[in-house]
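This report refers to the structure that appears directly beneath it.
The values are calculated or read from the model by the stated rules, or taken from the named source; none is laboratory data. Since the structure is predicted, the reported quantities are computational estimates derived from the model, not experimental observations. Quick reminder, even Gly has a Cβ in these numbers, built from the backbone with ideal geometry, and neighbours come from all protein chains shown. Just the protein is used for accessible areas: all its heavy atoms, side chains included, with ligands, DNA and RNA removed. Shrake-Rupley method; radii C 1.70, N 1.55, O 1.52, S 1.80 Å.
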Amino acid sequence: MTTPEPQSPSPQPSEPVSKDRVYRSPAGMAGGVLVLALALWLGIDALVVGEGNTRWKALAALLFLVPLVAAYTVRPAVFANEDRLRVRNPFRVIVLPWAEVASFRSAYSNEVFAEGGDKYQLWSIPVSLRGRKKAARREDRRAAGGGRGRGMLGGMGQLQLGGRTDGAGSTAVEADGPVRAQGDKTMDELRELWEARKDAASSKGAVTVRWAYEIVVPVAVGAVGLAVLLGIG
């Protein structure tokens, strides 16, 4: 009588992992790094050469300023994949499954609205009015160049001009959509992803909001300590 050989466990099907698209503000991050470097330089210098309460004041100021500056410049980011949108703002992290997103809005700031009516600002996708004006001027120049090209071709029939470009670097006859500011292009990408995935089964769930206590606590402690030290002189 032979004993049956133990069967190896069947491999579990691996769940597909959707890679996040990450949206951040390079200008904000660069500015934040410079401000943090300056604050650390001045604060450490005060800690080394300061006397009396100066060192404690410098320590409290660093505890207050460093997390606060990092929260508004380096920390903000938007992560989007096929299932959900994750918004990392200065003091909160909001996770919105696509089925719970009601709409996006771009005015003087970029915002996302949940089905429940709550509004969340997308800190890492800033609105640049200057960028919008620049894009509008480029679009006007491109439209004017295309109009001149069609006028010159009047009665010559349909010609292919795929190789000629206008001043904006797009073809005179057909361009890849209107010229848009970078922030508006990013919002267009998020809207397209939301429209494509909002009815998917994996995009359902509840909206979650988590406070960033790793930022809130040191900022609060530093602010209280600095106020007390300044009050007692």
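Work through the residues other than residue 96 whose Cβ is under 13 Å from its Cβ and net out their charges, Lys, Arg +1 and Asp, Glu -1. If you can, show how the numbers build up before the last one.
Working: positive: 84, 86, 88, 92, 119, 197, 198, 204, 210; negative: 83, 100, 111, 115, 118.
In short, +4.
Of all the accessible heavy-atom surface of region 62-117, with the other protein chains kept in place and a 1.4 Å probe, what percent is carbon and sulfur?
On the way: 1160 of 2090 Å².
With neighbouring chains kept in place, the figure for region 62-117 is 55 percent.
What is the local net charge at residue 216, summed over the other residues whose Cβ is closer than 15 Å to its Cβ (Lys, Arg +1; Asp, Glu -1)? Intermediate values should be presented prior to the final figure.
Details: positive: 75, 88, 92, 210; negative: 214.
Once all neighbours under 15 Å are counted, the net charge is +3.
For residue 204, list the lysines whose Cα falls under 25 Å from its own Cα; do not include residues on the same chain fewer than 8 positions away.
Partners within reach: 19, 119.
Can you pull the one-decimal nm distance between simple spin-label points at residue 38 and residue 204, each 7 Å off the Cα toward Cβ?
5.2
Using the reciprocal of the averaged 1/r over all distinct C-alpha pairs, how large is the Kirkwood radius of region 80-133 in Å? Don't skip to the end; give the middle numbers.
On the way: mean 1/r = 0.0842 Å⁻¹.
Result for region 80-133 stands at 11.9 Å.
What list of ³J(HN,Hα) couplings, whole Hz, do you get for region 215-225 from phi and the Karplus terms 6.51, -1.76, 1.60, once you set θ to phi - 60° and write x for glycine and proline?
9, 5, 5, x, 5, 5, 5, x, 5, 5, x
First select every other residue whose beta carbon is under 15 angstrom from the beta carbon of residue 58; then total the charges, Lys and Arg +1, Asp and Glu -1.
Values: positive: 55, 57; negative: 45, 51.
Taking every other residue near residue 58 into account, the sum is 0.
Using 13 Å as the cut-off for backbone N distance, which residues of region 70-114 belong to the label zone defined by a point 7 Å from the Cα of residue 216 along Cα→Cβ?
Zone members listed by number: 90-94.
Which lysines have a Cα less than 21 Å from the Cα of residue 133, not counting those fewer than 8 places away in the same chain?
185
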